[in-house]
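**Q** Below you will find the structure I want to go over with you.
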Amino acid sequence: MNPPIPLAEAPSLFSVDGLVGLVFLIMVAITIIGAIIACNSERLVRSVAGLIVCFVGVAGVYYFLNSPFVAMMQILIYVGAVAVTISFAIMLAAPEEKMKLGSSSPLVGPFGLGTAALITGGFSVLALRTEWPVMTKINDGSVKNIGLQLLTNFSMVFELVSIVLLIAIIGALVIARVRRES
Amino acid sequence: MSILALYNNLNSFLVLGALLFGIGIYGIVTRRTLIGMLIAAELLLVGASINFMAFNRFTAPDPVVGQVFTLFIMAIAAAEAAIGLSIVISVYRHYKSIDAEDTVQLKG
């Protein structure tokens, strides 16, 4: 695991470190552009497409954080399951010709932007001003270690999440079912 | 200061997480439809996950814990999406609309 490079040392663009940095910047750009599309487009279908783009970028960012397993799971679960579920819901519940919404207050946009800028700025300043203590690693965080810990230390949580997912699926079926008696 | 060394720095990931969280807040505030709000909520969860993974990579002693936690966040997000979307479908069947302004029957 590489120690963090101090920002003052600039790697050249055509060295390995420089190319890796370039790929990271591309991934960050994909993430941010996808998120902006997901929140700003008029049609919901385009917004789901932006969400997928954003999730693929986030999977790339996870790769840079030394966890290819989580990157794989990000694409499998978010792009493969959540985004497809949302697009099914749009097909079932949002016909595009009925999407004429009433006009909202003109203050919503600026206030939303202000709130988002305040939160982002606050978190960023907090993150940049704090000296985070760095501890020595006790293992390498490989897929083998994840599997071992998931079935030993975290086995209770693993089972609980399975039960939560089962209850969520049953609950979704019960809520969305057509009631025949009415 | 070089932007090409940003990939190996904790702060860049934290700022990226904060940015995704802010975009998600903006989406929740400005969106009119329930499905749009759900999409923005997914962005919030992803921003939180990036923070967890960044601390996991750079500071935490055991790099397994953050990855396991992120996996659990993904599972909870999938459950949340399933429940939320079934509620949206049920609301649409009842009100013939997914505009959040139309579902005001419980408003006092």
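The values are calculated or read from the model by the stated rules, or taken from the named source; none is laboratory data. Quick caveat: nothing in here was measured; it's all calculated off a predicted structure. Ideal geometry is used to build each Cβ from the backbone, glycine not excepted, and the neighbour counts take in all protein chains shown. The protein model used for the area step is the full one, side chains on, heavy atoms only, and it has no ligands, DNA or RNA in it. Shrake-Rupley method; radii C 1.70, N 1.55, O 1.52, S 1.80 Å.
**Q** Among the residues that make up the stretch B:44-55, is at least one of them of a type in the set (A, V, I, L, M), outside any helix (DSSP H, G or I) and more than 7 Å from chain A (Cβ to nearest Cβ)? Show your work before the answer.
**A** Filtering the stretch B:44-55 for residues of a type in the set (A, V, I, L, M) gives B:44-46, B:48, B:50, B:53-54.
Pick out the ones that are also outside any helix (DSSP H, G or I) and you get none.
Looking through the stretch B:44-55, none of the residues is of a type in the set (A, V, I, L, M), outside any helix (DSSP H, G or I) and more than 7 Å from chain A (Cβ to nearest Cβ).
**Q** Identify, please: which residue in the stretch B:74-99 is more than 7 Å from chain A (Cβ to nearest Cβ) and crowded, with 16+ Cβ neighbours inside 10 Å and is, among those, nearest to residue A:153 (Cα to Cα)?
**A** Applying the filter and picking the extreme gives B:80.
**Q** Among the residues of the stretch B:24-43 satisfying the criterion of being open to solvent by 20 Å² or more (accessible area, probe 1.4 Å) and farther than 22 Å from residue B:75 by Cα, which is farthest from the other protein chains (Cβ to nearest Cβ)?
**A** Result: B:31.
**Q** I'm trying to understand the selection: among the residues of the stretch A:140-155, which are free of Cβ contacts under 8 Å to residues at least 60 places away in the same chain, facing another protein chain (nearest Cβ under 8 Å) and either basic (Lys, Arg) or within 18 Å of residue A:62 (Cα to Cα) (or both)?
**A** Across the stretch A:140-155, the qualifying residue is only A:145.
**Q** Kindly provide the set of residues from the stretch A:119-136 that are open to solvent by 90 Å² or more (accessible area, probe 1.4 Å) and of a type in the set (A, V, I, L, M), ordered by number.
**A** Result: A:126, A:128, A:134, A:135.
**Q** Looking at A:25, A:65, A:92 in this structure, which one is facing chain B (nearest Cβ under 7 Å) and open to solvent by less than 10 Å² (accessible area, probe 1.4 Å)?
**A** Every option except A:65 fails the conditions.
**Q** What are the residues in the stretch A:158-182 that are closer than 25 Å to residue B:74 by Cα and surrounded by fewer than 14 Cβ atoms within 10 Å (Cβ to Cβ), if any?
**A** Of everything in the stretch A:158-182, those that are closer than 25 Å to residue B:74 by Cα and surrounded by fewer than 14 Cβ atoms within 10 Å (Cβ to Cβ) turn out to be A:159, A:160, A:162, A:163, A:166, A:167, A:170, A:173, A:174.
**Q** Just a yes or no: is a residue in the stretch B:58-71 outside any helix (DSSP H, G or I), in contact with a Ser or Thr (Cβ under 9 Å, 6 or more places away or on another chain) and at the interface with chain A (Cβ under 7 Å from one of its Cβ atoms)?
**A** Checked against the condition, which is being outside any helix (DSSP H, G or I), in contact with a Ser or Thr (Cβ under 9 Å, 6 or more places away or on another chain) and at the interface with chain A (Cβ under 7 Å from one of its Cβ atoms), the stretch B:58-71 yields at least one hit.
**Q** With the checklist (1) within 8 Å of another protein chain (Cβ to nearest Cβ); (2) touching a residue at least 12 places away in the same chain (Cβ under 8 Å); (3) β-branched (Val, Ile, Thr) in hand, flag the one item residue A:52 doesn't pass.
**A** Of the numbered conditions (1) within 8 Å of another protein chain (Cβ to nearest Cβ); (2) touching a residue at least 12 places away in the same chain (Cβ under 8 Å); (3) β-branched (Val, Ile, Thr), the odd one out for residue A:52 is (1).
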